[in-house]
1. In what order do I292, I305 fall by count of nearby beta-carbon atoms within 10 Å, going from fewest to most?
2. List the residues whose amide H sits under 5 Å from the amide H of A83, counting only those 5 or more places along or on another chain, with H placed 1.01 Å from N in the peptide plane.
3. Considering amide H positions built from the backbone, and no H for Pro or chain starts, which residues 5 or more places from C109, or on another chain, come under 5 Å of its amide H?
4. Order by neighbour count: S303, S122, fewest other Cβ atoms within 10 Å first, most last.
Amino acid sequence: MHARSIGLIATLAVSMLASVAPAPANDPPHLVIFTGTFGYRHGGISKMSATIEHLAELTGAFTVERTEDPAAFTPALYARADAILFLQTTGAPPLTEAQRAAFLGSVACGDAFIGVHAAADSGDWAGYTELIGAKFAAHGHFGSLASYEEKVYEDAGHPGIAPIDADAPALTEVTINVEDQVSAATAPWHGRDTFRMSDELYQYQESPRGKPGVNVLLSLDNESDYWPFAHQVPNPRVILASRSSAWFGYKDVTPIAWTKSYGAGRVFYTNLGHNPSTWDRPDFQQHLLGGIRWATEVRADPSCISG
């Protein structure tokens, strides 16, 4: 990323932080980013992790470290970490039963869990799905004509930069509903009912809506990626591609970002972030920052975790 672009994004991000609740007065929470992949690997993971690290340095709201090693999930990690962030994890991390229990137990004791995009396509045990709130089922939406043209990346807020994501056909330019007008994670869109974004959207095996402790922040207008827009006409490119997972005529709205309680801990998940260009958008950065800061406002009782 060019230095000029980073400076602009940093300035915009700082200006929007005024609406985010301040971090605790003690040492900032420590965030561990886990980027292990055990299936498909997203392009741009290094860029995404670097963006989070940059925002940590910029705001001082949290400190950060990164690992791809499942063996890192030890008591020593939970002793220093206040939050775990699964960034584009796919497949099943080879965690032992003891590691799984300790992972879930740390959140139940008050640590935070943050999941970005493919975190919902990770884990292979029921406890993880209960923690995050939903599990990936299909790519139910395939994009407008713009998704197959370079302008999808321009629309994503970074004109003139070549795309680094090879999965452009999976990107879709959609209308997103802002369901929560109070949360720090929706701060950049407060006062707006909807906004537009080009990204890859999931359908889930079960909707998280209505599950205990879940508060939906953003949802997808499922008809908004039809072509032409505002008409119930399936995108002809989807038909030509024989996309069997495209759910034509699906009329409900799909939650794509939410917060959730888990024991004494807090969970924040966002489906957004597949498209590397999304990470250049100040509104997405503020969305992620707001979610991280909300999730880490509480701290775990060390005796609970060690016990």
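Every number in this text was worked out from the coordinates using simple rules, so none of it is lab data. Being a predicted model, the structure only gives us computed values, none of them experimental. Don't worry about glycine lacking a Cβ; one is built from the backbone with ideal geometry, like all the others, and counts go over all protein chains shown.
1. Result, fewest neighbours first: I305, I292.
2. Amide H neighbours of A83: H30, V32, A112.
3. For C109, the qualifying residues are A264.
4. Numbers: S303 8, S122 24.
The order, fewest Cβ neighbours first, is S303, S122.
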